[in-house]
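Notes follow the structure.
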Amino acid sequence: MKTYIISRITQALLVLLGAYTITYVILYLLPSDALSLMLTASGVDADTLSAAQLAEARHHYGLDRGVVDQYLHLLGNLLRGDFGTSLSTGSSVTTLLADRLPQTLMLAGCAITLSVTAGVGFAYTATWLRWRPLRLALRRLPALGLSVPVFWTGLLLIQIFSFTLGWFPSMGNKGFASLVLPAVTLSIPSAAIYAQVLMRSFDDVWGESYIATARAKGLSRAQIQWRHVLRNAALPILTLIGLQIGNTVSGAVLVETVFTRVGVGRLAQESVLRQDIPVVLAVVTISAAAFVTINLIVDLLYPLLDPRIARAAKVT
Amino acid sequence: MTTPDFTHFSPLAPAYDDRTDSDDVPIRSARLRRWSETLSLLRGHPGFLLALAFILFVLLAAAMPTLLTRFDPYATVPLEKLRAPSLLHWFGTDELGRDLYTRVVYGAGLSVQAALLAVSIAFIGGSTLGLFSGFFGGRIDAVIMRLIDVMLALPSLLLALVIVTAIGFGTLPVAIAVGFGLLPGFARTMRAEVMRVKTLAYVEAARLGGAGWGRILVNHILPNASGAVVVLATLDFGVAILVASGLSFLGFGAAPPAAEWGTLIANGRKFLITAPWLPLLPGMFVALAVFALNHISRTLEEVSK
């Protein structure tokens, strides 16, 4: 078990390092002229500078170092918690992130809770119902939830619940009321995926022979669904939640833009528009770290929740 | 009196004739039969035909927009601005008096091109990686799969944002960025399929028959492993439309006055209070297209089982 944990943590760290490296390569090595990109981002026209000034700028951004040297330098700073300086605003990226991260974490937290509740609830009801037309209609609904663009759902909800009904504010970060519409918007695609997967595994479990046994013992449908089906079908959802972190982060970029919230997602959108390379690198690294950490936790929790896996791990 | 042999003439026994024919071209007729079986299966899915019709409409809009509308997408008519949907202007008009339905139809060109390019990148790149990974196994497999793991740790929209930051804005960069985001899925599916097919008896038979690895790969493994990847491609065509429209909504798409679907929604957003149809109708169009693709790929999956 101990070796499993250690190997899993090492693997997670390596994946994270790999993600950082790929992002670094794309951002710093792919552009044909990273210097002029950075100068434009900080509001300076590269043509107006003399050769000496250009050289100085090159040194300032660390572009005069070798590729490997610069990479290691940035990585070293990162490990000390220093994400560098934003090109467009000149402030430290770490402060920017610290300012905005709580808002996004709150939004993501609410959205994840909401999507799990809604997804499980939906699948439970859809499997439970017996009237065929409604059953079939409900089965197709998650696919629709997956097809609707997140930003469009946001606009629709704003139109209905802010402009027409006036229940919730359409933008901003003030108070819990401003969190409701964004969280609902962000939770829909993930909820649809959970519902889809759960409905499938509910169906599978209903076909198992231990369900027939439970029926033979005289349990009612409700008892079987609650005690046997849900418990056996629910575990894969845990893995899915881990994998959905990526979608939640992607969705946060769109949702925060639609609802003009101050958060990491909108920071990402703004800094891509300004081609603010250090900020983009920092945001992507943070999201990858969140993804890797959550999935690591899920993997480590799994054997605790399903003892069969722990036993299998011991044998090999 | 001898019983005449009707087998060659009886309309009830055409199978006999067929068999003698198909001996000459066994593969093609088997393929034809499979196709016609699939088609007749699909006839039982009215939703599928509806979805297919909508996608054909979108493709037609992308290829020949002039057939579907008589307005000019860039002609501004200041007197007709912000009109609600009507019989003349099906989707209403925008803040410059341009017909929104026409803008959506012309927008299909850019959006479909972007999605097609993205899926092609993901399909070719991902399938090649998956094919090598599954076929050769061992160290090559380990290296490729670690790379895929790393790519999966980057949320697809963020990976696309990174690429767009580096190579600039516009339809082409967005398409490339989306394509790289979809690539890992193709690699994984292809690898799993190749690993399944590789162990089947006919591959072994081909090997015993003396076929080289290249030939086995091209003639036996690739055709039999590609079914699942094609289903994924239809599904991801919808995902590509979604992500690409998201990127152009964020402002990284084509420059005005050309407009992708996402750009149309982003522009209409400013008029949500006064003219809600401006952002909402193009968005509904996108949602329908993605839903149709989703439905098609689901039906294909069910039928191929």
Would you compute, for the Cα atoms of the stretch A:19-141, the largest minus smallest coordinate along each principal axis and list the three values in descending order, in whole Å?
-> 78, 29, 28
Charge sum, other residues only, whose C-beta stays under 15 Å from residue A:171's C-beta, Lys/Arg counted +1 and Asp/Glu -1 = +4
Scanning chain A for trypsin sites (Lys or Arg not before Pro) in DSSP loops with at most 14 other Cβ atoms within 10 Å, what's the longest stretch left with none?
-> A:175-316
Evaluate peptide B:143-155: per residue, the Cβ atoms of other protein chains within 10 Å of its Cβ; return the mean as an integer.
-> 6
Along the Cα-to-C-beta direction of residue A:215, a point sits 7 Å from the Cα; which residues of the stretch A:167-209 have their amide N less than 11 Å from that point?
-> A:206-209
For helix A:51-60, report the angle its Cα long axis makes with the longest principal axis of the Cα atoms of chain A; keep it between 0 and 90° and round to the nearest 10°.
-> 40
Taking K and R as +1 and D and E as -1, what net charge do the other residues with C-beta under 13 Å from the C-beta of residue B:95 add up to?
-> +3
Inter-site label distance for residue A:200 and residue B:66 at 7 Å from Cα along Cβ, in nm | 4.6
Where the accessible area of chain A is counted over protein heavy atoms with a 1.4 Å probe, how much of it, in %, is carbon and sulfur?
-> 66
Determine the residues within the stretch A:149-190 where the difference in accessible area between the chain on its own and the full set of protein chains amounts to at least 50 Å²; count protein heavy atoms only and use a 1.4 Å probe.
-> A:149, A:151, A:152, A:155, A:159, A:163
Can you pull the Rg over Rh of the stretch A:125-230, Cα-only, Kirkwood?
-> 1.15
Each label point is 7 Å from the Cα along the Cα-to-Cβ direction; what then is the distance between the points at residue A:98 and residue B:213, in nm?
-> 5.5
Could you grab the relative contact order for the stretch B:87-304? Cα pairs under 8 Å, six or more apart, rounded to a whole percent.
-> 26
Over the protein assembly as shown, what number does the Rg to Rh ratio reach, with both radii from the alpha-carbon atoms and Rh per Kirkwood?
-> 1.01
CD proxy, 222 nm, chain B: helix-only mean residue ellipticity via -39,500 (n - 2.57) per DSSP H run with n ≥ 4, per residue, nearest 500, stands at -23500 deg cm²/dmol
What net charge do the residues around residue B:83 carry, taking every other residue with its C-beta under 12 Å from that of residue B:83, with Lys and Arg at +1 and Asp and Glu at -1?
-> -2
Please state, to two decimals, what the Cα-based radius of gyration of chain A comes to when divided by 2.2 N^0.38 Å (N = residues).
-> 1.24
Cα-Cα P(r), the stretch A:5-49, percent of pairs per 5 Å interval | 5, 20, 16, 13, 12, 9, 8, 7, 6, 3, 1, 0
Evaluate the distance, in nm, between pseudo-label points positioned 7 Å from the Cα of residue A:49 and of residue A:308 along their respective Cα→Cβ axes.
-> 6.2
Among rounded, prolate and oblate, which fits chain B when a ≥ b ≥ c are the square roots of the eigenvalues of its C-alpha gyration tensor, a/c under 1.5 means rounded, and a/b larger than b/c means prolate?
-> oblate
Anything in chain B that counts as a DSSP H helix reaching 18 Å or more along its axis (C-alpha) with Kyte-Doolittle mean of at least 1.6? List them, would you?
-> B:46-63, B:222-249
Surface share of carbon and sulfur [accessible, 1.4 angstrom probe, percent] for chain B | 67
State, in square angstrom and to the nearest 100, the accessible area buried between chains B and A, both chains counted, probe radius 1.4 Å.
-> 4000
The size of the Cβ-based charge dipole (Lys, Arg +1; Asp, Glu -1) of the protein assembly as shown about the Cα centre, to the nearest 20 debye, is 2060
Here the gain from full extension of residue B:57 to residue B:230, 0.36 nm per residue of separation minus their alpha-carbon distance, amounts to 60.2 nm
Heavy-atom accessible area per residue of the protein assembly as shown, all protein chains kept, 1.4 Å probe, expressed in Å², is 50
Cα convex hull volume per residue for the stretch B:154-298, in Å³, equals 127
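The values are calculated or read from the model by the stated rules, or taken from the named source; none is laboratory data. On a predicted model such as this, the values are computed, not experimentally measured, just so you know. A quick note on method: Cβ atoms are made from the backbone with ideal geometry, for glycine too, and the neighbour counts reach across all protein chains shown. Areas reflect the complete protein model, heavy atoms only, side chains present, ligands, DNA and RNA absent. Shrake-Rupley method; radii C 1.70, N 1.55, O 1.52, S 1.80 Å.
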